[in-house]
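Following: one structure in structure tokens, then a few remarks.
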Amino acid sequence: MASINIMKDKCVGCKKCVNACPFNAIEIIDKKAEIKPNCTLCGSCVSSCKFNAINFVKDEVEKKDISHYKGIWIFAEQRYGKLKGVALELVGQGKKLGEELNVNVTAIVLGDNITHLGEELIAYGADEVLLMDAPWLKDFNDHIYGEIMIELIEEYKPEIVLIGATSNGRSLAPHISSTLQTGLTADCTILEIDREQRLLLQTRPAFGGNLMATIVCPDNRPQMATVRPKVFKSLKPNYDREGKIIVLPVRSQIKSFVQKIRHIDNEQGANITDADIIVSVGKGIGNANNIKLAQELSSILGGAIGATRAVVDSGWLPYSQQVGQTGKTVAPNLYIAIGISGAIQHVAGLADIETIVAINSDPEAPIFKVAHYGIVGDCKEILPLLIQELKSKM
């Protein structure tokens with residue numbers, strides 16, 4: 001088991017290890033270094049000590065034979081027979097990664113009455129589709145789906161497994177990775193290939209979005225990552241493409257730890273991840289009553305309502321409408337930001353948007369730096385005028 005300690009007879013209290021620790025986990029007490037409880041055992045301090053006073057014992061890494069793992073798998077999430085957009089996006093990105101590694105892309109889809117999805121996945125870029133169709137797979141369950149995925153991965157041995165960072169994907173992926181004892185990088189925004197090492201370079205925002213961290217999994221397989229919806233674009237479908245569709249034999253039913261009583265859909269209004277137009281509100285809109293103006297504008301435009309985290313935390317709109325690093329990533333054609341300052345955590349949720357219109361009373365608001373068009377003024381005055389003008393054009 002990994003451990004670290006200071007050898008007091010060698011330590012001179014020079015403080016070099018204190019400066020080398022990125023987690024502020026070392027302090028000098030009575031002219032001797034002390035390791036604090038928040039130490040992460042990263043080992044950054046060891047090379048800084050010129051007196052060999054830091055005893056660092058690493059965990060032994062078990063070398064596994066990973067030469068038999070080959071291919072890229074996409075968990076193609078579906079809901080009652082309709083594929084989630086992120087599934088098609090990942091198939092497209094998987095195709096690009098597969099060309100780098102010279103391997104096929106396989107989509108895995110589980111559910112009830114879903115055999116028709118095989119042709120759709122082939123059209124969007126999958127080379128092969130593995131289907132398991134059974135009534136007891138109708139509703140997603142992370143334990144049931146996870147056990148099936150684990151069994152398939154152990155049998156087929158893919159080198160990369162990609163899963164959408166949806167609410168389902170975020171519970172499914174850890175179940176798989178922890179059981180298989182392999183790495184998992186969450187909420188990736190960039191996926192690339194190191195062709196020489198055959199490594200998946202998994203990049204995601206870190207430290208509140210202030211920097212990007214690239215993570216690799218060199219010693220275990222499969223390499224696993226979850227990816228937010230709308231980060232990548234799906235390929236244009238080609239229904240003349242040929243591919244292999246395998247209907248898997250249905251194993252005996254897996255018993256779940258939980259039982260579904262009834263389904264409650266808490267999504268209010270249109271799904272913002274699929275919307276072409278989003279009218280999004282921040283705390284600058286004033287109060288919850290003023291959101292009615294944004295909703296009216298959204299209705300006229302045929303769009304969806306989005307929100308910042310501050311609005312959601314205030315209970316003005318549900319979490320399902322939150323845009324940003326801790327919400328959803330969106331990529332509409334038109335994004336209207338009303339009373340939104342433009343903090344980096346919110347902007348992180350805006351991906352490849354054709355037109356951003358910002359309405360804010362503060363001319364120095366950061367949102368204007370990313371907006372294509374800006375209106376400086378009180379949204380309570382501007383929105384009624386905008387609504388009236390749009391109605392007159394209808």
Within the chain, the cysteines whose Cβ lies no closer than 4.7 Å to any other cysteine Cβ are CYS11, CYS14, CYS21, CYS39, CYS42, CYS49, CYS188, CYS217, CYS379
Report, to the nearest whole %, how much of the accessible area of the stretch 184-223 belongs to carbon and sulfur atoms, 1.4 Å probe, protein only.
-> 50 percent
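Skip the ligands, DNA and RNA, and give the accessible area per residue of the chain with a 1.4 Å probe, whole Å². Provide the component values of the computation, followed by the final result.
Working: 20700 Å² over 394 residues.
Computed with neighbouring chains in place, this is 53 Å² per residue.
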Listed residue (ILE305, ALA213, ILE285) projecting farthest to the positive dipole end of the stretch 210-356, Cβ model = ALA213
For the stretch 1-72, with equal point scatterers placed on the C-alpha atoms only and solvent neglected, what are the log10 I(q)/I(0) values from the Debye formula at q = 0.11, 0.13, 0.24, 0.27 1/Å, to two decimals?
-> -0.35, -0.44, -1.06, -1.30
Quote the charge dipole size of the chain about the Cα centre in Debye, to the nearest 20; the model charges only the Cβ of Lys and Arg (+1) and of Asp and Glu (-1).
-> 960 debye
Find the centroid of the Cα atoms in the stretch 332-381 and in the stretch 1-53, then give the distance between the two in whole Å.
-> 46 Å
CYS11 - accessible surface, heavy atoms, 1.4 Å probe, Å² rounded to 10 | 20 Å²
Order LYS260, LYS70, most accessible first, counting only protein heavy atoms with a 1.4 angstrom probe.
-> LYS70, LYS260
Average projected area [Cα convex hull, the stretch 215-255], square nanometres | 6.7 nm²
Ordering PHE140, PHE232 by how much accessible area each has at a 1.4 Å probe, largest first, what is the list?
-> PHE140, PHE232
Heavy-atom SASA rank of LYS236, LYS84 (probe 1.4 Å, accessible area, largest first) | LYS236, LYS84
With a 1.4 Å probe and every protein chain kept in, tell me what percent of the accessible surface of the stretch 274-366 is carbon plus sulfur.
-> 47 percent
Report Rg (one decimal) and Dmax (nearest whole number) for the stretch 119-214, counting Cα atoms only, units Å.
-> 15.2, 45
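Tell me, what is the percent relative contact order of the stretch 280-394, built from C-alpha pairs under 8 Å that lie six or more residues apart?
On the way: 203 pairs, mean separation 27.8, N = 115.
Computed over the stretch 280-394, the figure is 24 percent.
What is the sum of charges around CYS14, taking Lys and Arg as +1, Asp and Glu as -1, for the other residues whose C-beta is under 10 Å from the C-beta of CYS14?
On the way: positive: LYS15, LYS16, LYS31, LYS50; negative: none.
Net of charged neighbours comes to +4.
Tell me the carbon and sulfur percent of the accessible area for the stretch 42-163, rounded to whole percent, probe radius 1.4 Å. Don't skip to the end; give the middle numbers.
Numbers: 2310 of 5370 Å².
Of the solvent-accessible surface of the stretch 42-163, carbon and sulfur hold 43 percent.
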Leaving out ligands, DNA and RNA but keeping every protein chain, what accessible area does TRP136 have, in Å² rounded to the nearest 10, with a 1.4 Å probe?
-> 50 Å²
Range of Cα positions in the chain per principal axis (Å), largest first | 83, 59, 44
Can you give the net charge of the other residues whose Cβ lies under 13 Å from the Cβ of TRP316, counting K and R as +1 and D and E as -1?
-> +2
With a 1.4 Å probe and every protein chain left in place, tell me how much accessible area HIS116 has, in Å² to the nearest 10.
-> 100 Å²
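What is the total of Lys pairs in the stretch 25-89 with C-alpha atoms under 28 Å apart, excluding same-chain pairs fewer than 8 positions apart? Provide the component values of the computation, followed by the final result.
Working: LYS31/LYS50; LYS31/LYS58; LYS32/LYS50; LYS32/LYS58; LYS36/LYS50; LYS36/LYS58; LYS50/LYS58; LYS70/LYS84.
Going through the stretch 25-89 pair by pair, I get 8.
Can you tally the net charge around ILE28? Count Lys and Arg as +1, Asp and Glu as -1, for every other residue whose Cβ sits under 11 Å from the Cβ of ILE28. Spell out each step's value before the answer.
Details: positive: LYS15, LYS16, LYS31, LYS32; negative: GLU27, ASP30, GLU34.
Taking every Cβ under 11 Å from that of ILE28, the sum is +1.
The values are calculated or read from the model by the stated rules, or taken from the named source; none is laboratory data. Here the structure is a predicted model, which is why all the values come from computation and not from measurement. Note that each Cβ is placed from the backbone with ideal geometry, even for glycine, and that neighbours are counted across all protein chains shown. Quick note on the areas: whole protein, heavy atoms, side chains included, nothing else; ligands and nucleic acids left out. Shrake-Rupley method; radii C 1.70, N 1.55, O 1.52, S 1.80 Å.
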